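Note sheet for the following structure.
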Amino acid sequence: MHVVAIIVAGGRGTRVGGAVPKQLIAVGGETVLRRSVRAVAGHPSVNGVVVVLPQDLVGDGRRLVGDTPVP
């Protein structure tokens, strides 16, 4: 079976009240987005990952995800 995970990170995080969207807030030196991608991509049953971002961040997607190996 082929499993593709979808990480929905398309919000703005306005309720959090920060200067950046909440998916880009650093927790323990790593953004919430990178932590999420790393955790999902590391699962043995996951063959691929799709990350949904706000339109203005799509061009920076690879940089935002980092060097996480995504199948």
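Listing for the model above:
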| item | result |
| --- | --- |
| Residues (open to solvent by less than 60 Å² (accessible area, probe 1.4 Å) and modelled with pLDDT of 90 or more) located in the stretch 1-22 | Val3, Ala5, Ile7, Ala9 |
| Set Val70, Val51, Val37: member being modelled with pLDDT under 85, in contact with a strand residue (DSSP E or B) (Cβ under 7 Å, 6 or more places away or on another chain) and either among the aliphatic types (A, V, I, L, M) or in a helix (DSSP H, G or I) (or both) | Val70 |
| Scan of the stretch 1-29 for residues that are farther than 18 Å from Val46 by Cα, more than 12 Å from the chain's Cα centre (by Cα) and either among the acidic types (Asp, Glu) or assigned to a loop (DSSP other than H, G, I, E, B) (or both), ordered by number | Arg12, Gly13, Thr14, Arg15, Val16, Gly17, Gly18, Ala19, Val20, Gly28, Gly29 |
| The stretch 22-49 residues that are without any contact (Cβ under 8 Å) to a residue 40 or more places away in the chain and within 15 Å of Val8 (Cα to Cα), paired with ones that are part of a helix (DSSP H, G or I) and charged (D, E, K, R) (beta carbon under 8 Å, 6 or more apart) | Val32/Lys22 |
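The values are calculated or read from the model by the stated rules, or taken from the named source; none is laboratory data. In this text, all values refer to a predicted model and were calculated from it rather than measured experimentally. Heads up, the Cβs are rebuilt from the backbone with ideal geometry, glycines too, and the neighbour counts pull from every protein chain shown. For the accessible areas, the whole protein counts, side chains as well, though only heavy atoms, and no ligand, DNA or RNA atoms are used. Shrake-Rupley method; radii C 1.70, N 1.55, O 1.52, S 1.80 Å.
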